[in-house]
Amino acid sequence: RLHAALSSLYGDRPEFADWYARLLVAIAAAAAIRPASLQALDVQREDDPQWLSRAPPLGYSAYVDRFAGTLRGVRTRIPMLRALGVGYLHLLPFLRARAGDNDDGFAVASFEEVEPRLGDMQDLEDLAAALRADGILLCGDLVLNHVADDHPWAQAARAGNTRYRGFFHVLHDVAEVQACERDLHQVFPQTAPGNFTHVPAMGGWVWTTFYPYQWDLNYANPEVFAAMAAVLLDLANRGIEIFRLDSAPFLWKRRGTACINLPEVERVLVALRAVLDLAAPGTLLKAEAIMPTPDLARYFGSGDDAGHACHLAYHSGLMAASWAALARQDTALLRTQLRLTPALPSGCGWLSYVRCHDDIIWSVLEPERSRPDERAAIAAAARFLSGGPGSFAHGLSVRRADGEGVHGSNGMTASLVGLPEDPRQLADEQALARYALLYALAYWCGAVPLVYSGDELGQGNDAGSGETPPHATDGRWLQRPRYDETRLALAQVGQGTPAQTFALLQRLGAARRRLPASHHETPIEDCSGLDAAILLLARGAHSLAAFNFSAQPQVLDSGRAMAGDWRPLWPDVATAAPAEVTLPPWGCVWWVRA
Ligand code: GLC
């Protein structure tokens, strides 16, 4: 598989055979030094290929510094993570980042060093071992698409080294740049418009899809693939068990296209997976592809490679549509997302979530291809989430590059659902129900649901105290506050909103663990009726769930899916059978076959 994928990308180069032989030697060398404890894990997982889908863990995602100061500090959070039922910890980038602006760590200056503020490689290995001992998998970012402009590869390229020049894409005249721009999208329309940065020392315009200081790597050059495969193996041998493949859709460029989701991206991912399967087969890959839902199938591999690329991918369409449903009290966009969700190869799963460190990117719902009423609904949802009269939400919108419509929405879950700012205050029933509704949908639908750090404490938007860059610079800082110790203490003594949200996620986690064994492997069937506010979902004959996206109580339409005897699983107080239930405002119920 490795040979097939790589020869399809690089096979026409005269040096391919030699290059491939050298790559195999490097893979074998990494396999030979893989620590025994990790090799034992590899064997265990290879013997039981369904281990992930049989008991998929609950995830948690955090920035190291805001969550716990340092990597060592993260160890002190393990009891909290265990109390929440977490089995998978995603730490946002912790490798040495560019000096100065660095996209909160996503501009990596060295893949061989930990960011000194956060610790060192020994701390990383110790943390990975400590988490493993507690049954928690460590997930780390592998920023695949770019490196910082002060990474040694970029520095060497700037100094004129031809080998490293070949690691980047450089365009030499402005007309070429303009022609490319016409086909490309804008990832940061407000803060980093355009996809190219003029760098005189590089003799032209460097391809920079994200910030100007993040230089896109040129995967058409096999040396780039080999270099990144080496990084992957090194970090896997240090104990990272899951890699979040950051900005994967952008890896391959072809002039005249939007340079996203090209078929070659899948080949690169299949090849990276094959590298892992040879040297560190217990390791997992997760695609960060914030793309329209139908485009996500290829991240799991297609054709003969189905199930041989990433094991997991973010379901950002489901996430964005759930916010639209909450804001509009209408599940139409959610139903569309469920219909568009591709079936997955065995052993693969969706990562579902409510919020993350990025914005809610509306383009995943494909406003440009959708009907006018859907477009209007997306725009209205974004307006609603940015507050204003009649809204319970306190978020911020990011405008699109063309000034038309909205690109994304920012804000912490608590602020977007209207939980109180004062942690000592108890949340009103409706706000808490909205919080529970979104998390219950994520917990029920995804194989691996992800809690975004601070959500378990009902923590709201960053206050903009000056500790973080101004929100006007990059609105995503709104959802990147420092972890609130006061709230944590309140949760621990059972007081205020933090105690409410923490306990709620604990109970939801317990209910999720009681879902039938087949739940995560069975496709979701949308059985919703005519009531636009209600989503009624089934998984096989064993799992049923109803979600009320409205501020009014609702009776379920009786339907085929509800026939027979069902036992409520969530909330733990619900006792009614589906046909007898009145869902409270923003309420939801999960049932299993009695
Ligand atoms: C991913 C990250 C985002 C980052 C970007 C560039 O989308 O989630 O935070 O800015 O990649 O690395």
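The values are calculated or read from the model by the stated rules, or taken from the named source; none is laboratory data. Values in this document were obtained by computation on a predicted structure and should not be read as measured data. Please note: Cβ atoms are built from the backbone with ideal geometry, for glycine as well, and neighbour counts cover all protein chains shown. The area values use the complete protein model at the heavy-atom level, side chains included, leaving out ligands, DNA and RNA. Shrake-Rupley method; radii C 1.70, N 1.55, O 1.52, S 1.80 Å.
Tabulated data for the structure shown
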quantity: Residue within region 428-446 that is outside any helix (DSSP H, G or I), among the hydrophobic types (A, V, I, L, M, F, W, C) and not assigned by TED's automatic domain parsing to the domain that holds PHE549 present; calculated: no
quantity: Any hit, region 203-220, residues being of a type in the set (Val, Ile, Thr), within 16 Å of the ligand (Cβ to nearest atom) and surrounded by fewer than 18 Cβ atoms within 10 Å (Cβ to Cβ); calculated: no
quantity: Matching strands (runs of 3 or more DSSP E) fully within region 49-112 where at least 3 residues are closer than 24 Å to LEU508 by Cα; calculated: 58-62, 86-91
quantity: Matching residues, region 472-510, being open to solvent by 40 Å² or more (accessible area, probe 1.4 Å) and either touching a Gly at 6+ places or on another chain (Cβ under 6 Å) or part of a helix (DSSP H, G or I) (or both); calculated: GLU485, THR486, ALA489, GLN492, VAL493, GLN500, GLN506, ARG507
quantity: In region 12-26, the residues that are open to solvent by less than 60 Å² (accessible area, probe 1.4 Å) and within 33 Å of the chain's Cα centre (by Cα); calculated: TYR20, LEU23, ALA26
quantity: Selected residue (criterion: farthest from ASP234 (Cα to Cα)) from residues of region 115-148 that are open to solvent by 10 Å² or more (accessible area, probe 1.4 Å) and touching an Asp or Glu at 6+ places or on another chain (Cβ under 6 Å); calculated: LEU137
quantity: Hits in region 104-118 (condition: within 13 Å of the ligand (Cβ to nearest atom) and either over 25 Å from ALA226 (Cα atoms) or in contact with a Gly (Cβ under 7 Å, 6 or more places away or on another chain) (or both)); calculated: ASP104
quantity: Residue in region 21-33 that is more than 20 Å from VAL224 (Cα to Cα) and in a helix (DSSP H, G or I) present; calculated: yes
quantity: Residue within region 305-322 that is buried (at least 24 other Cβ atoms within 10 Å of the Cβ) and among the charged types (D, E, K, R) present; calculated: no
quantity: Looking only at region 68-93, and only at residues there that are open to solvent by less than 10 Å² (accessible area, probe 1.4 Å) and within 16 Å of the ligand (Cβ to nearest atom), the one that is nearest to VAL143 (Cα to Cα); calculated: LEU92
quantity: Verdict on ASP295 being over 13 Å from the mean Cα position of the chain (by Cα), among the charged types (D, E, K, R) and more than 16 Å from the ligand (Cβ to nearest atom); calculated: no
quantity: Long-range neighbours under 7 Å by Cβ, at least six apart or interchain, first residue free of Cβ contacts under 8 Å to residues at least 60 places away in the same chain within region 99-127, second within 16 Å of the ligand (Cβ to nearest atom) and β-branched (Val, Ile, Thr); calculated: VAL108/VAL143; VAL108/VAL147; LEU118/VAL64
quantity: Selected residue (only one of SER465, SER415 is over 25 Å from ALA380 (Cα atoms) and open to solvent by 10 Å² or more (accessible area, probe 1.4 Å)); calculated: SER465
quantity: Residue within region 376-395 that is part of a helix (DSSP H, G or I), within 20 Å of GLY494 (Cα to Cα) and of a type in the set (A, V, I, L, M) present; calculated: no
quantity: Checking SER363 against (1) within 16 Å of the ligand (Cβ to nearest atom); (2) more than 21 Å from TYR439 (Cβ to Cβ); (3) assigned to a loop (DSSP other than H, G, I, E, B), the condition it does not meet; calculated: (3)
quantity: Region 546-594 - residue that is assigned to a strand (DSSP E or B) and β-branched (Val, Ile, Thr) and, of those, nearest to the chain's Cα centre (by Cα); calculated: VAL589
quantity: Which numbered condition SER37 misses (of (1) part of a helix (DSSP H, G or I); (2) surrounded by 15 or more Cβ atoms within 10 Å (Cβ to Cβ)); calculated: (2)
